[in-house]
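Here, each number is a calculation from the coordinates, and none is a lab measurement. Computed from a predicted structure; not experimentally measured. Neighbour counts are summed over all protein chains in view; Cβ atoms, including those assigned to glycine, are modelled from backbone coordinates with ideal geometry.
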């Protein structure tokens, strides 16, 4: 009986936080879905010899990496309705604004990771591919990119782990994700325990992320 | 039959040595031509122009009679249209100083990838050819190895097989043994020697003078961007006519002791 009385409220809390964690996971996966490919496009544009293309992309990366993500969240939610001319004003749903801000922010970081990886591949790989008659896209997707992916796994895993924790920032838009749910519970119960349980949730998610990246690195360790 | 004809080729870089200033020569089918000369004389640049890794500033290149690039009397350089260029490129093979094998592919796949993806060969056929080539270079047991597991000499032999798998009309070698430890050069030179015996058309940039003398049908000596002297190995190594050739070969004998 005692055990039940002790654990029932705890279980209730865990379930409640779990629903918040679902929202956190949604933003996590959507952000990765958009930012990983977008980052590659941004990296390629950043490396383009045409200045009209690389210069604005450089500025974009500077802004996205140089301002607080929490500010970017607020910007994408409030700015369209505040700074656009009358008639063009609109407001994105909170969640969409959050996904947009996260995707652009993480794409900027991923872009620089991709760029570092791409530039680390020796010129000789391109030349060998060219002499064998591979097209530019075959060269990139079959020869270069697989080698890039192996090299960038460690920095990408860093970013992905950070993303799990950064997702707490969307609480600023009033979205009921894990951190907000935990804080509300903490306020309601006058107890910090929901916050610590939330911490365990984040830790668990990142334990899985770490395991997945370890597995990926192992899978690609068949060559050097 | 003439496989390669080069007329009055020029190539220079902004602020860099290793320029080519007016080079003409031709290579016939089955011929092995050694290209020798001091470093910075333009040998590698010439090879890179011939294999389309660099665009030339002036001159003409014909591959098996087909124009790869020509220059009009007014100095306008015109490359063949892309579709033509792709076909011409397949006639040219290249072996690099640093092998440039694809590290993420097995030895077998390094050899089969281009025949399958570029030449649209059936995978089974490509594999058969690759295994024949591996037997030829003495690496049958390394088909499933990855490049990092091979010695430099083995890597270079695989690189040769990779180039041969595309059945080029002419194979270029850019200092194929310069990145190798001395004890590993022999196995690579042996493969090239065997190819020469099979009448493979080849142009070899090399610092291995004894090898050039033994294998080449003709030797070109290049200095300061120009072909200074050209002749049979006996003539060029035995009784070089040009002062610069003599100086170069003299230094060489002194330094290498060969």
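One table, with the values for the structure above:
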quantity	calculated
Rounded if a/c under 1.5, otherwise prolate or oblate - region B:128-223, Cα gyration tensor axes	oblate
Tail beyond 28 Å, pair distance distribution of chain A (Cα, percent)	44
Mean-position separation - Cα centroids, region A:152-220 and region B:30-83, in angstrom	59
Computed label-point distance, nm, for sites residue B:8 and residue A:8 using a 7 Å Cα→Cβ extension	10.0
Relative contact order (%) - criterion: Cα under 8 Å, at least six apart; region: chain B	25
Expected 222 nm ellipticity per residue - DSSP helices of 4 or more, -39500 (n - 2.57), all of the protein assembly as shown, to 500	-18500 deg cm²/dmol
Cα-based helix-to-principal-axis angle, A:123-132 vs chain A, degrees rounded to 10	60
Normalised contact order of region B:1-105, rounded percent, pairs of Cα under 8 Å and 6 or more residues apart	25
Antiparallel %, DSSP beta bridges [both residues in the protein assembly as shown], to 5	60
Chain A - percent relative contact order, Cα under 8 Å, separation 6 or more	27
Modelled FRET efficiency - R0 25 Å, residue B:29 with residue A:151, Cβ distances, 0.05 increments	0.05
Rounded tilt (10° steps) of A:94-119 against the dominant C-alpha axis of chain A	40
Tensor-based shape of chain B (alpha-carbon gyration tensor, a/c under 1.5 rounded, otherwise prolate or oblate)	oblate
Degrees separating the helix A:193-219 axis from the principal Cα axis of chain A, which is the longest one	30
Two-site FRET efficiency, residue B:117 against residue A:75, from Cβ-Cβ distance with R₀ of 51 Å, rounded to 0.05	0.65
Per-residue average of Cβ from other chains inside 10 Å of B:165-175	1
